[in-house]
Amino acid sequence: MTARAILHVDMDAFYAAVEQRDRPELLGLPVIVGADPKGGRGRGVVATCSYEARRFGVHSALPISQAFRLCPQGVYLPPDMEKYARVSSEVMEVMREFTDLVEPISIDEAFLDVTGSRRALGEPQRIARDLKDRVRAVTSLTASVGLASSKLVAKIASDMRKPDGLVVVPRGTEAAFLAPLPVRRLWGVGPKTEESLARLGIATIGDLAALDPEKLARPLGTHGHDLVRLARGLDERAVVSEADDAKSMGHEHTFAVDTANSDVLRRTLLALCDAVAGRLRGHRVRGRTVTLKYRDETFRTLTRARTLPEATDAGDLLFAAAWALFQDVHGERRVRLLGVSASGLGDGDQLGMFAAETRPADRLRDTVRARFGDGALVRASVLEGAKGDDPAERRGTRRLLR
Ligand code: TTP
Ligand code: CA
């Protein structure tokens, strides 16, 4: 089997670069883009800033007031999300010239699997260079690219030589490439896991790779096994393109007030999963891939997907995957929107197992809902203390059917 060639493409200082492109008088200046509802300099947080501004210590998520103290001569601009979304589509379009296997993971980042493009387009390294050139020709913006045999390593590589970088990690050198880096660079290591690992004296990815996975079973459960594999550079996750995923069912919820309350977040996610599962059962299909959509208070929007060992229509199983994805992306910030969708839909009936395998509790739920309506049966854990933000009652909850 040929080794996979995975690219991770990440635009440089994306919002700020778009602003500098469109107003060339801003080139070379510290440009700070941030949501400030009043248009002044006193409120809101920095979405991003140009590399010139980063030299002053300004960075994403810093309160604008603090940025202004560090860099009073900066040019402060409100974000123009419509424009960035347009440029994002142009960039994604360019990527699709190189392969159908394009998986966007944020407004300015995507994975590409170019393994199958070799014959037509040349060696992966050449493809990576050509891609950077095309992005620049079409959008006048620069991208940084990592090329490796897995998503994990490609993503870390793209970040190593920003801006306008290209970092190639040859096959066989993945573990050595990862070893000196801090564990938090691993996808799936948030502040909590980092802390548990630090308590075991594990600071670098190399420390983790050398560990007997059994040692992590107690503090981290099965997650520990996966982490050790990742630390050794073993990551088989496939690039999942939207084309593969054309059909999906999902729900999303925008909070009336951005929230960091973990109970509310957990309940909301559970309610969304139950809603999606109910619809899957209603359509007599099951989903194999669970996608979480996550938008924080700064409007940073991420999607993360996980493919299950087998297709399901059970809310609990969707939730287990969605919750793991959520914990990977969620940090300290307040959350503005959560969404869950299921894709890779297969026909339960055709597989001849729908009736047999739908869980009794789920079947009961469906029967009650069919008779008495959607609000009739809600999990106790969703209702509990839900007065402030009961997902079932929120205006913000939307059904998505693509
Ligand atoms: P990033 O790719 O994290 O950052 P960036 O493109 O600005 O800079 P880099 O060169 O380091 O990749 O995020 C992409 C865009 O998402 C960014 O331009 C603005 C937005 N964003 C936020 O709105 N809030 C945030 O906290 C972050 C990190 C990004
Ligand atoms: Ca970026």
Search result, residues across the stretch 140-178 that are within 13 Å of ligand 2 (Cβ to nearest atom) and in a strand (DSSP E or B): 143, 144, 145, 146
Conditions (1) open to solvent by 50 Å² or more (accessible area, probe 1.4 Å); (2) at pLDDT 95 or above: number failed by residue 283: (2)
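Being in contact with a helix residue (DSSP H, G or I) (Cβ under 7 Å, 6 or more places away or on another chain) and buried (at least 21 other Cβ atoms within 10 Å of the Cβ) is the filter here; which residues of the stretch 302-325 pass it?
From the stretch 302-325, those in contact with a helix residue (DSSP H, G or I) (Cβ under 7 Å, 6 or more places away or on another chain) are 302, 304, 306, 308, 312-315, 318-319, 322-323; that's our starting set.
Correct list: 312, 313, 315, 318, 319, 322.
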Breaking point among (1) open to solvent by 10 Å² or more (accessible area, probe 1.4 Å); (2) within 16 Å of ligand 2 (Cβ to nearest atom); (3) in contact with a Pro (Cβ under 9 Å, 6 or more places away or on another chain); (4) at pLDDT 95 or above, for residue 73: (2)
Positions within the stretch 119-139 being open to solvent by 20 Å² or more (accessible area, probe 1.4 Å) and either under 15 Å from residue 239 (Cβ atoms) or within 16 Å of ligand 2 (Cβ to nearest atom) (or both), in sequence order: 132, 136
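Would you confirm, using the coordinates I've provided, whether residue 50 is open to solvent by less than 60 Å² (accessible area, probe 1.4 Å) and within 12 Å of ligand 1 (Cβ to nearest atom)?
Numbers: open to solvent by less than 60 Å² (accessible area, probe 1.4 Å): yes; within 12 Å of ligand 1 (Cβ to nearest atom): yes.
Answer is yes for this residue.
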Within the stretch 89-101, tally of residues that are open to solvent by less than 80 Å² (accessible area, probe 1.4 Å) and out of contact with any Ser or Thr (no Cβ under 9 Å at 6 or more places or on another chain): 3
Matching option when the condition is surrounded by fewer than 20 Cβ atoms within 10 Å (Cβ to Cβ) and without any contact (Cβ under 8 Å) to a residue 12 or more places away in the chain, among 248, 262: 262
Close pairs (7 angstrom Cβ cut-off, 6 or more residues apart or separate chains): on the phi > 0 side of the Ramachandran plot in the stretch 122-143, assigned to a helix (DSSP H, G or I) and open to solvent by 10 Å² or more (accessible area, probe 1.4 Å) anywhere: 140/21
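Filter the stretch 101-113 down to residues that are out of contact with any His (no Cβ under 6 Å at 6 or more places or on another chain) and closer than 13 Å to residue 7 by Cα, then give me how many there are. Explain how you work it out, then say what you get.
The first filter runs over the stretch 101-113 and keeps only residues out of contact with any His (no Cβ under 6 Å at 6 or more places or on another chain), leaving 101-110, 112-113.
If we keep only those that are closer than 13 Å to residue 7 by Cα as well, we get 101-105, 109-110, 112-113.
The qualifying residues number 9.
Taking the stretch 140-149, which residues are open to solvent by less than 10 Å² (accessible area, probe 1.4 Å) and within 16 Å of ligand 1 (Cβ to nearest atom)?
Residues of the stretch 140-149 that are open to solvent by less than 10 Å² (accessible area, probe 1.4 Å), as a first pass: 141, 143-146, 148.
Result: 141, 143, 144, 145, 146.
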Identity of the residue in the stretch 1-30, open to solvent by 20 Å² or more (accessible area, probe 1.4 Å) and within 11 Å of ligand 1 (Cβ to nearest atom), that ends up nearest to residue 238 (Cα to Cα): 10
Flag if residue 206 is at pLDDT 95 or above and within 25 Å of residue 104 (Cβ to Cβ): no
Hey, residue 197 in a helix (DSSP H, G or I) and more than 30 Å from residue 21 (Cβ to Cβ) or not: yes
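Quick grid of which residues meet (1) at pLDDT 95 or above; (2) more than 23 Å from residue 145 (Cβ to Cβ); (3) among the small types (Gly, Ala, Ser):
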residue	(1), (2), (3)
14	yes, no, no
19	yes, no, no
28	yes, yes, yes
68	no, yes, no
Qualifying residue in the stretch 156-169 (condition: under 17 Å from the mean Cα position of the chain (by Cα), open to solvent by 50 Å² or more (accessible area, probe 1.4 Å) and within 15 Å of ligand 1 (Cβ to nearest atom)): yes
Where a residue in the stretch 158-174 is within 19 Å of residue 209 (Cα to Cα) and its partner, wherever it lies, is within 16 Å of ligand 1 (Cβ to nearest atom), with Cβ under 9 Å and at least six apart: 169/146; 169/154; 169/156; 169/157
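The values are calculated or read from the model by the stated rules, or taken from the named source; none is laboratory data. This one's a predicted model, so the numbers in the text were calculated from it and none came from an experiment. FYI the Cβ positions are ideal-geometry reconstructions off the backbone, even for glycines, and counts take in every protein chain you see. Just the protein is used for accessible areas: all its heavy atoms, side chains included, with ligands, DNA and RNA removed. Shrake-Rupley method; radii C 1.70, N 1.55, O 1.52, S 1.80 Å.
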